[in-house]
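**Q** The following block contains the structure, expressed as structure tokens.
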Amino acid sequence: MTKVFPGGTVAVDDVNLHVDHGEYVVLLGPSGCGKTTTLRMIGGHEFPTQGEILLDGQSLVDLPPHKRPTTTVFQHFALFPHRTTLQNVEFGLKMHGVKKDERREAAMRALDMVGLVPLADRKPNALSGGQQQRVALARVLVTKPKALLLDEPLGDLDRLLQLRMRVELRNLQRQLGLMFIHVTHNQEEALSMADRIVVMNDARIQQVADPLTIATKPATEVVARFMGDNNILRGVVKAHEGDRLIIEGDEQHLRVSVHAPGDGRAIGSPAMISVRAAAVTVEANGSGDGLNSAECEIVFVEFLGDLVKLHLLAGDERMLAKVGAEHYPSLRGREGERIRISWKEDDVQLLDA
């Protein structure tokens, strides 16, 4: 599926994705990467320049949004301010000619799903942000879609409400067994909610995998950088040792071993690896042979409540380490001092070029 806007801007470039019924898939990426345009094409709010959209073998390409078995929940809830919660939920059924008693019964069932029956007579301005979000969900669930499309659904909520709505939304999806396709630029949101994450950049899919794989085994530099707090090191292959590659960074004291069975890179060829900041440990005695370790200067000690993020400099290479909050008293105020860090070979990820 491809979308080219007038003027030649390629918004979505040959995206090919299969989503199962009952699966929660999150399209994740920075602004302008093509994720929202992809969602809008699935929902019928944009039409692909070329390609096909199939649901249960039926082509959706020529169908307008209201005739597709999909429904979109937008970031801005767009509730009718002059209508009650119940009237907002039953509005879509009313437009489809469903009789009053039947649509009211269906709307009350949908409100029951999201726990809002007691608020059926309230208008949107008397509801909290989270309650308005649930009204918007009930309004689309009442139409019994095969796929629910969510465009930055938590973007307008404060952080505490976002955390609560993540749980509610994911539990609701499990309860209903519906296909959910959710767009966000928030890495934490994607990791906490998805069965699979689709990382997009520059109009293309970069990697599709479960959250654990995306977080710990990014396939490319783009994914590693976007997911954040990955140390990305460039170097050259210095040796093959069985199924291991020995890679030496531009700073010669950075030497890394990585498990890479079958990798045929020649000695001297470029290589790039990533190591998660959370996989980096601070060595107490500051010793080591230099393999999968580095001597660093502490640039900044950042206390984040439940952990400490160390901003480090290994030669000219900036690095990060995340350690438990219990280390803060011993690290506080040590900017400018030198420490040795290390990581396990299993935590080294060889990145695709």
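**Q** So which residues in segment 326-336 are among the acidic types (Asp, Glu) and surrounded by 11 or more Cβ atoms within 10 Å (Cβ to Cβ), if there are any at all?
**A** The one that is among the acidic types (Asp, Glu) and surrounded by 11 or more Cβ atoms within 10 Å (Cβ to Cβ): Glu335.
**Q** All but one of (1) surrounded by 14 or more Cβ atoms within 10 Å (Cβ to Cβ); (2) closer than 27 Å to Ser31 by Cα; (3) among the small types (Gly, Ala, Ser) hold for Ala78, so report the exception by its number.
**A** (1)
**Q** Follow-up. Would you check if there is a residue in segment 297-304 being within 27 Å of Gln206 (Cβ to Cβ), of a type in the set (D, E, K, R) and surrounded by fewer than 18 Cβ atoms within 10 Å (Cβ to Cβ)?
**A** no
**Q** Here is a follow-up. Need pairs with beta-carbon distance below 7 Å; first residue free of Cβ contacts under 8 Å to residues at least 40 places away in the same chain and over 17 Å from Gln175 (Cα atoms) and within segment 100-113, second among the basic types (Lys, Arg) and surrounded by 13 or more Cβ atoms within 10 Å (Cβ to Cβ); sequence gap 6+ or separate chains.
**A** Arg103/Lys94
**Q** Determine which single condition Arg164 fails, assuming it passes every other condition in (1) within 30 Å of Leu150 (Cβ to Cβ); (2) surrounded by fewer than 18 Cβ atoms within 10 Å (Cβ to Cβ); (3) touching a residue at least 60 places away in the same chain (Cβ under 8 Å).
**A** (3)
**Q** Further question: Looking only at segment 133-161, count how many residues are buried (at least 21 other Cβ atoms within 10 Å of the Cβ) and more than 23 Å from Thr38 (Cα to Cα).
**A** Result for segment 133-161: 4.
**Q** Restrict the check to segment 217-230 and report whether at least one residue is surrounded by fewer than 21 Cβ atoms within 10 Å (Cβ to Cβ), in contact with a Ser or Thr (Cβ under 9 Å, 6 or more places away or on another chain) and assigned to a strand (DSSP E or B).
**A** No, segment 217-230 contains no residue that is surrounded by fewer than 21 Cβ atoms within 10 Å (Cβ to Cβ), in contact with a Ser or Thr (Cβ under 9 Å, 6 or more places away or on another chain) and assigned to a strand (DSSP E or B).
**Q** Still on this structure: Among the residues of segment 239-264, write down those that are exposed (fewer than 14 other Cβ atoms within 10 Å of the Cβ), at pLDDT 85 or above and farther than 17 Å from Lys217 by Cα.
**A** Ala239, Glu241, Gly242, Asp243
The values are calculated or read from the model by the stated rules, or taken from the named source; none is laboratory data. Quick caveat, the model's predicted, so the values are computed rather than measured. We place every Cβ from the backbone using ideal geometry, glycine too, and count neighbours over all the protein chains shown.
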